[in-house]
Amino acid sequence: MEISQTEEKELSVDILEIKKEILKMIWLAQSGHPGGSLSCISLIYILYKNIMNIDSNNPNWEDRDIFILSKGHAAPALYAVLSKVGFIKKEDLFTLRKFGSKLQGHPTKNLKLGIEISTGSLGMGFSTSIGCALAAKLDNKDKKIFALLGDGELNEGVIWEAAMAASHYKLDNLIAVIDRNGIQSDGSTEEIMALEPLADKWKAFGWHVIEIDGSNIKDIINGFEKACNTFRKPTVIISYLIKGSDVSFMEHTKKYHGKPPNKEEYEIAITEIDKQIKRIQGDL
Amino acid sequence: MSNIPARDILGKFLVENGDKYENMVVLSADLSLSIKTDIFAQKYPERFFNFGIAEQNMIGASMGFAISNKMPIVCGFSLFTTGRAWEFIRLACHDNLNIKFVTTHAGLVGGDGSTHSALEDLSLMSCLPNLNVLVPGDNVEIEKILEYAFNTPGPFYIRLPRGSLEDIHKKDFTFNPNSIDIIKEGNEINDICMIGVGSGSSIAIQSVSKLEKDLNISIKIINQSVVKPINIKNFISRIKNDKCILVIEEHNTYCGFGSIISRIVSENCPKYIKTLGIENSFGQSGSRIELLDYYGFNYENIKKIILDLIKS
């Protein structure tokens, strides 16, 4: 799929606007995970906007593509995108983590809201995606299963159990996407539990590996398209991203992995993102 | 049917019902030969999935099948399924998914020894909301419970032994989770109500005539295959007139069925209860006869416990 420069800029602005929603949700909740929500939002938004076959008016549609946010702590990112594409009312976003809200701190299954399965305890969502992919094959359905994984999440043993099973069963309808921002809760992924050489690990497990610049929209779209046209093996897209991206003081740090901004920080963050939006719109 | 191991009953049930339950898929973690799901795999290879020795991924994948409108039957050893992959089962129950966890090798497993004995699984499973926890007392009941579970949406844990269970029901037995299954009627008021869970029911049956005769007491026996959810009203109505209760279960006495029922009885009609189970141990290797005897599932010990109960 070729996209024009104008479309690319519109997507960039949308992503920045969604980042503002994410920050507002977490700031109002005064808890949550801004760093890993900001990093992966481009992937989730482009999946829902440009790649997946879904229908917010028919969330039970049998032939829909499936998205599983295995890194469930990025729930604000998922909720904000589901709001943008019509599953969740915008005003409900700001009930995140509040008593009685449907929008729990981590995703809880609610098909009407577009949430396929509960996630948050890391590693589990990825193995669930294996079952979805096997079931789709069994039913001869031409549908894709997308699972978004954090890089820290790859420490979990079940990730590698699932990786073995996916290539064993030649699940070419399964696409894993890794938010490779390099930082987990306690620090750098390479300091805590080294992942590199990550691409080689997935290759050794029998996967088709695509590496992309996750901040480049064309790169993301091309990556997904290549993945969707891979046969006889599953694909993993290792997407190099920046933790806390587009908010200067949240970038490349573990500090905002699980810490909300205070009022002053929130306002600075919004100002920074607004400046970027204006810069892009000035170019439009 | 009493000589047929429980796992053979399971394997036969699955293969005979493959056409009836078209959405059924059977999952294994490299134990299809041990659990006899291999015969399903031979007849329905497209609906059988082996995940290798990876219980966590097997159960994670079962959740994916369930949200894709399949009915996964997750088969494994009781310990590895409930222990290794507990949090995956928790999440399946959290989302109230239509998954049937059917395990074998529960209780005192025999030669495999302490590392393979599942004496804690009822504790692990009974605390999970939404989960139905069922322990058939004999082969007739295994089939009836499987049929009930397959026809009832939601998560189920069905606990089976490795070997065979003695017959306690007639072939026309029907399973109703709300009715209390009295397998030996007593008097209007009984000195003892013995409550068997799984093999505990046949252990109770085997000793009851001699106990009644030797101790000159009246005994009623309930086969309690429903560990959760218990129909408390019906249960209490059937035990309220009995003086004392003895629970018999192949499970750790900490947080097994005895613990569950002690709470329910103490809250609703307090009376003395004792549990014959495994006391704070992981089990050990040995023949089944040796193990049952060592852990006190024998006539003399049951008699001693009942005498203590009567004195109390």
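Using the Cα centre of region A:170-284 as the reference point, and only Cβ charges (+1 on K/R, -1 on D/E), how large is the resulting charge dipole? Debye, rounded to the nearest 20. Working shown, then result.
Numbers: 16 positive and 19 negative charges, 90 e Å.
Magnitude of the dipole: close to 440 debye.
Could you point to the residue in A:Val158, A:Asn262, B:Phe257 farthest towards the positive end of the protein assembly as shown's charge dipole, with +1 and -1 charges on the Cβ of Lys/Arg and Asp/Glu respectively?
Most positive-ward Cα: B:Phe257.
Send over the Kirkwood Rh of chain A, from the inverse of the averaged 1/r over different Cα pairs, rounded to one decimal Å.
Working: mean 1/r = 0.0531 Å⁻¹.
Evaluated over chain A, this radius sits at 18.8 Å.
Local charge sum around A:Ser239 (other residues, Cβ-Cβ under 9 Å, Lys/Arg +1, Asp/Glu -1)? Spell out each step's value before the answer.
Working: positive: A:Arg180; negative: A:Asp179, A:Glu211, A:Asp213, A:Asp219.
Neighbour charge sum, excluding A:Ser239 itself: -3.
Determine which lysines satisfy two conditions relative to B:Lys210: a Cα distance under 30 Å, and not lying fewer than 8 residues away in the same chain.
Of all the lysines, those that pass the test against B:Lys210 - Cα under 30 Å, at least 8 places apart if same chain - are B:Lys170, B:Lys171, B:Lys184, B:Lys220, B:Lys240, B:Lys243, B:Lys271, B:Lys274, B:Lys303, B:Lys304, B:Lys311.
Using the 2.2 N^0.38 Å rule of thumb for compact globular proteins, work out how region B:94-235 stacks up: its C-alpha Rg over that value, please.
Values: Rg = 15.9 Å, N = 142, 2.2 N^0.38 = 14.5 Å.
With N residues counted in region B:94-235, Rg over 2.2 N^0.38 Å equals 1.10.
What whole-number value in cubic angstrom gives the convex hull volume per residue for the C-alpha atoms of region A:115-175?
Values: hull volume 4.7 nm³, N = 61.
It comes to 78 Å³ per residue, whole-number rounded.
Counting DSSP beta bridges with both partners in region A:5-283, what percentage is antiparallel, nearest 5?
On the way: 3 of 25 bridges.
Percent antiparallel among DSSP bridges in region A:5-283 is about 10.
Project the alpha carbons of the protein assembly as shown onto their principal axes and report the range along each, largest first, in whole Å.
97, 52, 45
Quick check: convex hull over the Cα atoms of region B:228-305, volume per residue in Å³, rounded to an integer?
On the way: hull volume 8.2 nm³, N = 78.
Expressed per residue, the convex hull around the Cα atoms of region B:228-305 is 105 Å³.
So if I place +1 on the C-beta of Lys and Arg and -1 on the C-beta of Asp and Glu, and nothing else carries charge, what would the dipole magnitude of the protein assembly as shown be about its Cα centre? I want it in debye, nearest 20. Can you show the working numbers first?
Values: 66 positive and 74 negative charges, 227 e Å.
Dipole size: approximately 1100 debye.
In what order do B:Met24, B:Met125, B:Met63 fall by count of nearby beta-carbon atoms within 10 Å, going from fewest to most? Could the numbers behind the result be given before it?
Working: B:Met24 20, B:Met125 26, B:Met63 31.
Starting with the residue having the fewest Cβ neighbours, the order is B:Met24, B:Met125, B:Met63.
Whole-Å semi-axes of chain B's equivalent ellipsoid, largest first, each the root of 5 times a Cα gyration tensor eigenvalue?
On the way: eigenvalues 219, 76, 63 Å².
Each semi-axis is √(5λ); the values are 33, 20, 18 Å.
Taking every DSSP beta bridge that has both residues in the protein assembly as shown, what percent is antiparallel when rounded to the nearest 5?
Working: 9 of 68 bridges.
About 15 percent, rounded to the nearest 5.
Note down the net charge around A:Ile117, summing +1 for each Lys or Arg and -1 for each Asp or Glu among other residues with Cβ under 10 Å from its Cβ. The partial results should precede the final answer.
Values: positive: A:Lys109; negative: A:Glu116, B:Asp95.
With Lys, Arg at +1 and Asp, Glu at -1, the neighbours total -1.
Peptides B:281-291, A:2-12, B:46-56: what's the order by average Cβ count within 10 Å, highest mean first? Don't skip to the end; give the middle numbers.
On the way: B:281-291: 15.6, A:2-12: 13.7, B:46-56: 20.3.
Top of the packing list down: B:46-56, B:281-291, A:2-12.
Helix-only mean residue ellipticity at 222 nm, chain B, DSSP H runs n ≥ 4 weighted -39,500 (n - 2.57), per residue, nearest 500. What is it? Before the final figure, lay out each step's value.
Values: 12 runs with 117 residues, N = 312.
Helices in chain B give a 222 nm mean residue ellipticity of -11000 deg cm²/dmol.
Helix A:75-84: angle to the longest alpha-carbon principal axis of chain A, degrees 0 to 90, nearest 10?
80
For helix A:124-138, what angle does its Cα long axis make with the longest principal axis of chain A, in degrees from 0 to 90 and rounded to 10?
That works out to roughly 50 degrees.
Please figure out what share of the DSSP beta bridges in region B:181-311 is antiparallel and state it in percent, rounded to the nearest 5. Show your work: numbers first, answer last.
Working: 3 of 19 bridges.
In region B:181-311, approximately 15 percent of DSSP beta bridges are antiparallel ones.
Using a Gaussian network for chain B with springs between C-alpha atoms less than 10 Å apart, which of these wobbles most: B:Phe80, B:Phe173, B:Phe257?
Highest fluctuation among the options: B:Phe173.
Under 13 Å from the Cβ of B:Leu276, count the other residues' Cβ atoms, weight Lys and Arg +1, Asp and Glu -1, and hand me the total. Each step should come with its number before you reach the end.
Working: positive: B:Lys274, B:Lys303, B:Lys304; negative: B:Glu249, B:Glu250, B:Glu279, B:Asp293, B:Glu300, B:Asp308.
Summing Lys/Arg as +1 and Asp/Glu as -1 gives -3.
How much mean residue ellipticity at 222 nm does chain A get from its helices, if each DSSP H run of length 4 or more adds -39500 (n - 2.57) and you divide by all residues, to the nearest 500 deg cm²/dmol? Working shown, then result.
Working: 9 runs with 119 residues, N = 284.
Dividing the helical sum by the residues of chain A leaves -13500 deg cm²/dmol.
I'd like the orientation of helix B:257-268 relative to chain B: the angle between its Cα long axis and the longest Cα principal axis, in ° from 0 to 90, rounded to 10.
So the helix axis and the longest Cα principal axis differ by about 60 degrees.
For region B:6-159, what are the per-bin percents of Cα-Cα distances with bins 10 Å wide, up to the bin holding the maximum?
12, 47, 37, 5
Computed from the coordinates by the stated procedures, all read-outs in this text should not be read as laboratory data. Predicted model only: the values in this text are computed from it and were never measured. Every residue, glycine as well, gets a Cβ built from its backbone with ideal geometry; the counts of neighbours run over all protein chains shown.
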